[in-house]
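Novice: Sharing a structure with you now.
The values are calculated or read from the model by the stated rules, or taken from the named source; none is laboratory data. Just so it is clear, the structure is predicted and the values come from calculations on it, not from any experiment. Note: ideal-geometry Cβ built from the backbone for every residue, glycine included; neighbour counts use all protein chains shown. All accessible areas refer to the heavy atoms of the entire protein, side chains included, with ligands and DNA or RNA removed. Shrake-Rupley method; radii C 1.70, N 1.55, O 1.52, S 1.80 Å.
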Amino acid sequence: MNVAKRTLVIAKHTGQMGNRLQVYAHMMAAALERNFNLSNNAFGVYAPLFEGTREQNGGDACALSSKTAYGLTRTLYHVAKVTQALGLPFLRTVRARSQAFVDLPTLLARMEHRPWRVLLAQGLHFYADVWCAQHAEAIRKYFTPLESFRSEGEKAVARLRARHGGVIGLHMRVGDYASFRGGRYFYTPADRKSTRL
């Protein structure tokens, strides 16, 4: 990591894999666009699944260090909140809430001439849509699943394409939605089979 550069830090676990990928991709696009460092100790258990992140968590031997790194990131976030309140400029925090989405290009433009070096971000709703489109190839390459996870899916898709010519994939979120908001968005397998697109 280049210490002379400004650094974006994803400072908290946000949801599960899909949510964490979303935040990571948008932050990565911002870091690439602005030539910033990016630190994400919050990707956690999903790091070993992807080409670009597999070195972040080397398995059982590194599990403690991964948890420790995340704990240090959380501590730094709370320290930054205090130093920010005291008017010290080096560390800054920003939090995205459900009703307060954060447009990263606007935020970083607003902060351009301020003396911050490290920006710690917490929450799901950070977006840089234009930058994601511009850096889509690098983002896809970084988040390419490891071959051991890709091969079976690629074979299944190839078989479907051979039979039907085209394939539409759906990510059906099930696990935590059974209890999230009283199951409001949860559908059983029977519900899904009866649904017509």
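Novice: How much accessible surface does Phe186 have with a 1.4 Å probe, in Å² rounded to 10?
Specialist: Roll a 1.4 Å probe over it and Phe186 shows about 60 Å².
Novice: At 222 nm, what value in deg cm²/dmol follows for the chain if DSSP H runs of at least 4 each add -39500 (n - 2.57) and the sum is divided by all its residues, to the nearest 500?
Specialist: -14000 deg cm²/dmol
Novice: If you don't mind, another one. Among Tyr187, Tyr77, Tyr46, which one shows the highest mean-square fluctuation when the chain is modelled as a Gaussian network with alpha-carbon springs under 10 Å?
Specialist: Tyr187
Novice: Something else now. For Cα Rg over 2.2 N^0.38 Å, several values are listed as (i) 1.40; (ii) 1.18; (iii) 0.97; flag the one computed from this structure.
Specialist: (ii)
Novice: Next question. Tally up the carbon and sulfur contribution to the accessible surface of the chain as a whole percent, 1.4 Å probe, everything protein left in place.
Specialist: Result for the chain: 57 percent of the exposed heavy-atom area is carbon or sulfur.
Novice: Hey, what do the phi angles of segment 155-169 turn into as Karplus ³J(HN,Hα) couplings, whole Hz, using 6.51/-1.76/1.60 and θ = phi - 60°, x for Gly and Pro?
Specialist: 5, 5, 5, 4, 4, 5, 5, 5, 7, 10, x, x, 9, 10, x
Novice: Let me spell out the model: positive unit charges on the Cβ of Lys and Arg, negative unit charges on the Cβ of Asp and Glu, origin at the Cα centre of segment 69-197. What dipole size does that give, in debye rounded to 20?
Specialist: Dipole of segment 69-197, to the nearest 20 debye: 300 debye.
Novice: So for each of 117-124, 152-159, 13-20 I average, over its residues, the number of other beta carbons within 10 Å; can you give me the resulting order with the highest mean first?
Specialist: Top of the packing list down: 117-124, 13-20, 152-159.
Novice: To the nearest 0.05, how large is the calculated FRET efficiency for Leu160 and Glu137 if R₀ is 30 Å and r is the Cβ-Cβ distance?
Specialist: Calculated value: 0.75.
Novice: Spelling out what I want: for every residue of segment 4-11, take phi, set θ = phi - 60°, compute 6.51 cos²θ - 1.76 cosθ + 1.60 (Karplus), and round to whole Hz; glycine and proline get x.
Specialist: So the Karplus estimates, Gly and Pro as x, are 6, 6, 6, 10, 9, 10, 7, 9 Hz.
Novice: Right, something else. In the chain, what % of DSSP beta bridges are antiparallel (nearest 5)?
Specialist: Percentage antiparallel, nearest 5: 10.
Novice: Could you state the accessible area per residue of the chain in Å², with a 1.4 Å probe and every protein chain left in place?
Specialist: 64
Novice: Next question, about the same structure. Working out 0.36 nm times the residue gap between Thr106 and Phe90, then minus their Cα-Cα distance, what length gain in nm do you get to one decimal?
Specialist: Residue separation times 0.36 nm, minus the Cα-Cα distance, leaves 3.8 nm.
Novice: Follow-up. Given a 1.4 Å probe and the protein chains all in place, what does the accessible area of His26 round to, in Å² to the nearest 10?
Specialist: Here the residue's solvent-accessible area equals roughly 20 Å².
Novice: Check cross-link reach from Lys67 to the lysines: straight Cα distance under 22 Å, and skip same-chain residues fewer than eight apart.
Specialist: Within reach: Lys12, Lys81.
Novice: Further question: Can you list the residues, at least 5 places off or on another chain, whose amide H is less than 5 Å from the amide H of Thr144, using H built in the peptide plane?
Specialist: Counting only residues 5 or more places away or on other chains, the set is Glu51, Gly52.
Novice: While we're here: Using Cα positions and a limit of under 30 Å, work out the lysines in reach of Lys155, with same-chain residues fewer than 8 apart set aside.
Specialist: Result set, ordered by chain and number: Lys141, Lys193.
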